[in-house]
Every structure is written in structure tokens, then in C-alpha cells.
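Read the structure below first, then the notes.
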Amino acid sequence: MERTPLHRRVAYMRRCLFDQGYLDEQFVQLEDLQDEANPNFVEEIVTLFYTDSARLIHNIEQALQNRPLDFNRLDDYMHQFKGSSSSIGAKKVKSECTQFREHCSARNAEGCIRSFQQVKQEHTILRSKLEAYFHWQRKLDKQTESYPELAA
Amino acid sequence: MEKMGFGNVTSTSKTMKIIDTEKKISVLIVEDNLLIQKIHKVMMTKFGTEVQLATNGKEAVDLFLSGASFDLVLTDLEMPIMDGIEATKQLRSMGVTSMIVGVTSRNQDSEIQAFMNAGLNACYVKPLNAEKVTVVLNELKNI
């Protein structure tokens, strides 16, 4: 039940992430895994995702400098990126990864370069949205600790 | 193709049911991606299983060679040093009868069939979720 303004804010932010297509059902699976034994599981997984994906982005950027492009290597990197994105429910990021891989299959260098910009953009947008969401979620958790009677 | 092997997924429950057995089901997760490894480990632990990790197929094979045994092996396909297909073939040729389930992000029928042909009991497209795990563990209970 969304009682306090903070509850409503967090619930609204979460709803938007799904309604606007940034996240899919897999994120809910991660939330279901969070419990007393793993109280910060979702945020830990997302943090791990951004560490892992930063490495992949760097690798892809390097690979895009080569001429001619090694489409097989690019596809491998993006396959890993897509797998990680899929594991956290990053729906738009995953979709852009798919586009990139289609350009790899078609050996379309310009398409790869263009779609990689989209991948990075969606990756960045999701990061800022999730950071904001976790920020307010932490505030809500503190409120709940201080005032357990307000817990949902 | 989302899944190959067991029957149709009938459970729609999102609740993680701890499978009631006297002895905990032992699971070996073979996965090189640390993010996915962590997710699968927590998921399987939440289902009440005992989990060990291997980061590639060779580590998995070495574990069995050292005398370890597991009720269930969940293995990725693409891994460095030794991939899931090779690891599965080796395990089967060693006489390992554990349930081996492939979990891969490859979703082409031919790729999944090749993985199945290595000796898997079933193969799922990543990511694992509660429904897929429930089917696998129920299948294990019925063996």
C-alpha cells in the first residue's frame, strides 16, 4: 500500500521504468530474489552489470577503430552485452544490442557504428534512471526502519 | 526456441517453492559471466539447493574427476577454455549420469540442438527464471 509520499514516489518511479519499456519481467525476477539474506541484491546486480558493461563498451569501441571491422569479434562482444542486459531486464538496451548484431550479420559497418551509439545512449539513460530509483528506494528503506508502522 | 527437453511448463506460480527433500539437491553452476553466475547462484540457493560454481567447462570436468558429484549441472554454452558442448560430452563419456541442463543465450534451433546432442537433459534460453527452475527441480525429483 502506498501510504506516504515517499512510498508513492518510489512506486511511481518503478511503474514508469516498466511502462516506458526500460525494464522487463526479468527485473521482477531479480526483485523476487532480494530478501533478508540478500538485502541489496538488485542494486548489487545492477552495479555489477554496469561494471561488466563498461568493459564491453570499451572493447567494442576499440574494435570499431579497426579497419576493416572484425564483425565476428564485434558480434561476440555484443552477444555478451546482450546476455548481461537480458539478465537484469534491461529491455531497451537489449533491443539496441539486437539491432547492432543485425548490422554485424549484414556486415554493415555504418549501421554498427550508428547502432552502437544507440546502445550507449540507452545504457546511459537506464543507468541514471536506476540510480535515481535506488536513491529514493534507499530513502524509503530508511523511513521504514525509523517508522516500521509505515511499512507497506 | 525458448526450451528443449522436458515437457511443457505448466507452473505459472512466481513463488519460489523450496523443494522438500531430506537431502539438499546439489547443483553445479558452470558459467563464466560473473553477473549471471551470481544471479543463478542466488536463485538456486533460494530454491533450497546447495550450489557450487565453475567458471568454465574444464573446471566442471575437473570437479567430477576429483570425485565431486552433483544432482544437477546447469551449464552455459559459450565459455573460455572448454565450452558447454565439450564439457557435456566429456562428462557423459566419463559416465556422469547427473541431470545436465544447458542455459544459453543462443536461441537458434540448430545451436540448441547441437548443445542437446552433446548429452543434455534439457536446454533453456537465458535468463533462468523461477518457472524454469521449478520445472527442472520437479523433473529431478521425479527421476
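The values are calculated or read from the model by the stated rules, or taken from the named source; none is laboratory data. Model, not experiment: these values are computed from the prediction. Backbone-built Cβ (ideal geometry, glycine too); neighbour counts: all protein chains shown. Calculation scope for accessible area: heavy atoms of the full protein, side chains included, ligands and nucleic acids excluded. Shrake-Rupley method; radii C 1.70, N 1.55, O 1.52, S 1.80 Å.
Assorted remarks:
- For residue B:26, residues with placed amide H under 5 Å, excluding near neighbours: B:50, B:71, B:72
- Distance between modelled label sites at residue B:97 and residue A:66, nm, 7 Å Cα→Cβ extension: 4.7
- Only protein atoms count toward the accessible area here, which uses a 1.4 Å probe; on region B:13-121, the carbon and sulfur part of that area reaches 49 percent.
- Most positive-pole-ward Cα, A:119, A:109, A:40, against dipole of chain A from beta carbon charges: A:109
- Eigen-decomposition of the gyration tensor built on the alpha-carbon atoms of region B:104-143 gives equivalent ellipsoid semi-axes of 20, 14, 5 angstrom, largest listed first.
- Computed with a 1.4 angstrom probe on protein heavy atoms, the A-B interface buries about 1700 square angstrom of accessible area in total.
- Computed from point charges on the beta carbon alone (+1 for Lys and Arg, -1 for Asp and Glu), the dipole magnitude for region A:34-146 about its Cα centre is near 420 Debye.
- Short-range pairs are left out: with C-alpha atoms under 8 Å and at least six residues apart, the relative contact order of chain A is 29 percent.
- On a per residue basis, region B:54-124 carries 40 Å² of accessible surface, using protein heavy atoms and a 1.4 Å probe.
- Ratio of the Cα radius of gyration of region B:24-143 to 2.2 N^0.38 Å, where N counts its residues: 0.94
- The residue list A:64, A:134, A:6 was ranked by how far each Cα lies along the charge dipole of chain A toward its positive end, using unit charges on Cβ atoms, and A:64 comes out on top.
- Computed FRET value (nearest 0.05) for residue A:44 with residue A:114, which takes r as the C-beta separation and R₀ as 35 Å: 0.60
- In the context of the full set of protein chains, residues of region A:1-61 present 52 Å² of accessible surface per residue (probe radius 1.4 Å, heavy atoms only).
- By definition, a body whose alpha carbon gyration tensor gives a ≥ b ≥ c is prolate when a/c is 1.5 or more and a/b is larger than b/c, and region A:32-78 fits this prolate description.
- Here, chain A is characterised by an Rg to Rh ratio of 1.08, where Rg is the alpha-carbon radius of gyration and Rh the Kirkwood radius.
- Take every pair of alpha-carbon atoms less than 8 Å apart whose residues are at least six positions apart; their mean separation over the length of region A:1-83 yields a relative contact order of 15 percent.
- A viscosity of 1.567 mPa s and a temperature of 4 °C, combined with the Kirkwood radius over Cα pairs in Stokes-Einstein, give a translational diffusion coefficient for the protein assembly as shown of 63 µm²/s.
- Violating pairs (Cα-Cα greater than 22 angstrom) within the set A:94/B:38; A:120/A:142; A:82/B:24; A:129/B:132; A:82/A:129; A:82/A:139: A:120/A:142; A:82/B:24; A:129/B:132; A:82/A:139
- When a 1.4 Å probe is rolled over the protein heavy atoms, the share of accessible surface on region A:5-81 that falls to carbon and sulfur comes to 47 percent.
- Here's how it looks for residue B:75: its modeled amide H is under 5 Å from those of B:30, B:101, B:102, B:103, which are all 5 or more places away or on a different chain.
- Buried on assembly, region A:6-52 (at least 50 Å² less accessible surface than by itself, 1.4 Å probe): A:26, A:29, A:32, A:33, A:48
- Solvent-accessible area lost in complex, 50 Å² minimum, residues of region A:64-87 relative to chain alone, 1.4 Å: A:79, A:87
- Counting Cβ atoms of other protein chains within 10 Å of each residue's Cβ and taking the mean over peptide B:35-43 gives 6.
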